[in-house]
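Only one structure is covered here, and it is reproduced in the block below.
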Amino acid sequence: MDRRKEKQKIKRRDFLTSLCFLSPSLLGVGLFFILPFGVVVYYSMIDGVTSKNFVFLDNFKRLFQNSAFKMAAGNTLKFSAMAVPLAVVLAIVLALMLECRIPGKSQFRTFFLSPMMVPVASVVLIWQVLFNYNGTVNEFIMLFGAQRVDWLQSEHSMVVVLLLFLWKNLGYNMILFMAGLANIPKELLEVADVEGASELYKFFAIKLRYLSPTVLFVTILSLINSFKVFREVYLLTGDYPYESLYMLQHFMNNTFRSLDYQKLSAAAVVMAIVMVVLIALLFKVEDWFGKDVEG
Amino acid sequence: MKKKRLFGRGAMFVLCLVFAVLFLLPTVLTITNSFMSEAEIKSNYGMIFSTTTGGYVSKTVNLKFIPDKVTLSQYITGLIKSPDYLLKLWNSILLVVPIVIFQVAVASVAAYSFTRWRGRIRSGIFFFYVILMLMPYQVTLVSNYLVSEWLGLLNKPWAIILPGIFAPFSVFLLTKFMRRIPYSLIEAAKVDGAGEWEIFTKICLPQCRSALYSIAILVFIDYWNMVEQPLILLQDMDKQPLSVFLSSVNAGEIGLAFAMATVYMIPSLLLFLHGEEYLVEGIANSGSVKG
């Protein structure tokens, strides 16, 4: 009986100590993220900060009828749908390329990773020189007799931003895949070699299976980063970009300017729900795909 | 068979080379262009950044690697003569340095707690941190704005620094590093009568020194590059960091902007050259949300 009490006491003490260590972070997170998010949820369901009448889903209905929001959400989703698969696939390609025995491997890794360290603001000038209507890229394609394109002021603008996005993010993803590739049991690949498996077979049957948790993570990461692409767009084109580059963050910024808390809160709640659903979905897919690989 | 292999490797090498050029080009061009005089910049890019002042403007864009005449005049203007850019650079430093230091400090204590004790409540909290880490700015910025408004921090650097300090990213990453410390080390210290704080500072922290460095680099580049937070939380232009201000250069100052863009990438590039191995290690360890 006494021992049990003693044990419980230790357990309680441990819990309190752990809480002590956790408390600075927990308090900060509580104050700056959780508590205000609760208020955001509350704001999203009332009709005004002063009148405070519960209207439940009215703000959301209003939001989904808002044409600016629809355009922003559509553009963001469209961009993510293009950027995420490319960011994953190209990063795998880069990682596989560096897996081959080629000279200067570590230098190449440095080169591929370097854009990550360069602030976007520092390279947008070059991007503007390259993709301006009178820019270098247009000069180049005109050499081949093609029509020049107004890259930043047309439907093509997304391509420009996509390139900047990939340039910046591929290195990070590549490192993740390189780490994933290094974790594949060597014996397995050797057996496959002895059995005379082709490179293609080895990739799809072995490597990709083992990479699936990494694929999941890189997908989530790229998804989040693709939601942040406002940064690139803003630095390239300012507050008022071409229509197809009007992103969710532009919508948020403009709503901040008018301080429409209800609209802002509703949009934040919608985004949070979408993110949670997408991430849960990706976890499910990965579970199903990687289920016969332990580790 | 062997010949084919060799050919394959050659092709792979060339492909790598092509990619390397593409990846390096924007950075290298920015740096080389920063050594051009304003007149040369204008004659090269006058078509793009249209200026009303006269002078020779070439009809086509003239993207050049090597300046006709290497000059430091842009740097002298930016760093000595005109205080505008220097002030924004200072703003950047004032925002980023406290965030890096205190985020890592707060995170290391929290990560210790997550490593040392596990239980249903704590793993629940940890999972919550992961979710929070994955939330885009569109979600967290509204929350940050509300708190800043309540505390009267809007338009003050604190509005960015405080949420930055408590961002859950380094807690997550550091926990993953700390969980690799052999448990026997901690157990042995405990038997020797060391208190928790002692175990934390004398055993845990020295063990993950490289992890702390790699996390500090990751946090630094994240905030050095920030745009969204200052745009919303700081209204005054003269409080903005250089990462925002660089995009609002006047057409007549393109050469100066190139120079300042180069200055702005120097700290992160230096960190990169010095700590690439740590950085790679840090990234590799961020590689899974589970466990």
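Any read-out appearing in this document is the output of simple, stated calculations on the displayed coordinates, not a laboratory observation. Keep in mind that what you see is a predicted model, and the values were worked out from it rather than measured. Neighbour counts are summed over all protein chains in view; Cβ atoms, including those assigned to glycine, are modelled from backbone coordinates with ideal geometry.
Among rounded, prolate and oblate, which fits the protein assembly as shown when a ≥ b ≥ c are the square roots of the eigenvalues of its C-alpha gyration tensor, a/c under 1.5 means rounded, and a/b larger than b/c means prolate?
Note, shape of the protein assembly as shown comes out oblate.
Choose one answer from B:152, B:78, B:275: the residue with the largest mean-square fluctuation in a GNM of chain B with alpha-carbon springs under 10 Å.
B:152
How long is the gain from residue A:101 to residue A:16 if the chain were fully straight, where each residue apart is worth 0.36 nm and the alpha carbon distance is subtracted?
Gain on extension, residue A:101 to residue A:16, equals 25.3 nm.
Amide H of residue A:46 versus every other amide H placed in the peptide plane: which residues, excluding those fewer than 5 positions away on the same chain, fall under 5 Å?
Placed amide hydrogens put A:55 under 5 Å from residue A:46.
If you average the sequence gap of Cα pairs under 8 Å that are 6 or more apart and divide by the length of chain B, what percent do you get for the contact order?
The normalised contact order for chain B reaches 27 percent.
State log₁₀ I(q)/I(0) for region B:156-195 at q = 0.30, 0.31 Å⁻¹ as given by the Debye formula over alpha-carbon point scatterers of equal weight, solvent excluded.
-0.92, -0.93
For region A:1-43, what class follows from the C-alpha gyration tensor (a ≥ b ≥ c being the square roots of its eigenvalues): rounded when a/c is under 1.5, otherwise prolate if a/b is larger than b/c, else oblate?
Since a/c reaches 1.5 but b/c is at least a/b, the shape of region A:1-43 is classed as oblate.
Two decimals, Cα atoms only, Kirkwood Rh: what is Rg/Rh over chain B?
A ratio of 1.07.
Kindly state, to the nearest 0.05, the FRET efficiency for residue A:141 paired with residue B:76, given R0 = 35 Å and r defined as their beta-carbon distance.
The computed FRET efficiency comes out at 0.40.
Shape of chain A from its Cα gyration tensor (a ≥ b ≥ c, root eigenvalues): rounded if a/c is under 1.5, otherwise prolate when a/b > b/c, or oblate?
Oblate is the answer for chain A, as a/c is 1.5 or above yet b/c matches or exceeds a/b.
Among the listed pairs B:64/B:239; A:228/A:284; A:228/B:176, which are separated by more than 27 Å between their Cα atoms?
B:64/B:239
Please list, or write none, the lysines whose alpha carbon is within less than 16 Å of the alpha carbon of residue A:61, excluding same-chain residues fewer than 8 places away.
A:70, A:263
Given springs between every Cα pair under 10 Å in a Gaussian network model of chain B, which of B:37, B:214, B:184 has the largest fluctuation?
Between B:37, B:214, B:184, it is B:184 that shows the largest mean-square fluctuation.
Relative contact order for chain A: what percent, with Cα pairs under 8 Å and sequence separation of 6 or more?
Answer for chain A is 29 percent.
Using all C-alpha to C-alpha distances in region B:157-291, build P(r) with 5 Å bins and read off the rounded percent in each one.
All Cα pairs considered, the percentages come to 2, 8, 15, 14, 15, 14, 11, 8, 5, 4, 2, 1, 1, 0.
Under a GNM of chain B (C-alpha, springs under 10 Å), which listed residue has the highest mean-square fluctuation: B:211, B:105, B:188?
Looking only at B:211, B:105, B:188, the largest GNM fluctuation is found for B:188.
Just need the relative contact order of region B:93-182 here, percent rounded to a whole number, with Cα pairs under 8 Å and 6+ apart. Show your work: numbers first, answer last.
Working: 62 pairs, mean separation 51.0, N = 90.
Contact order relative to length: 57 percent.
Can you give me the Kirkwood hydrodynamic radius for region B:173-238, using every pair of distinct Cα atoms, in Å to one decimal?
Kirkwood hydrodynamic radius for region B:173-238: 14.5 Å.
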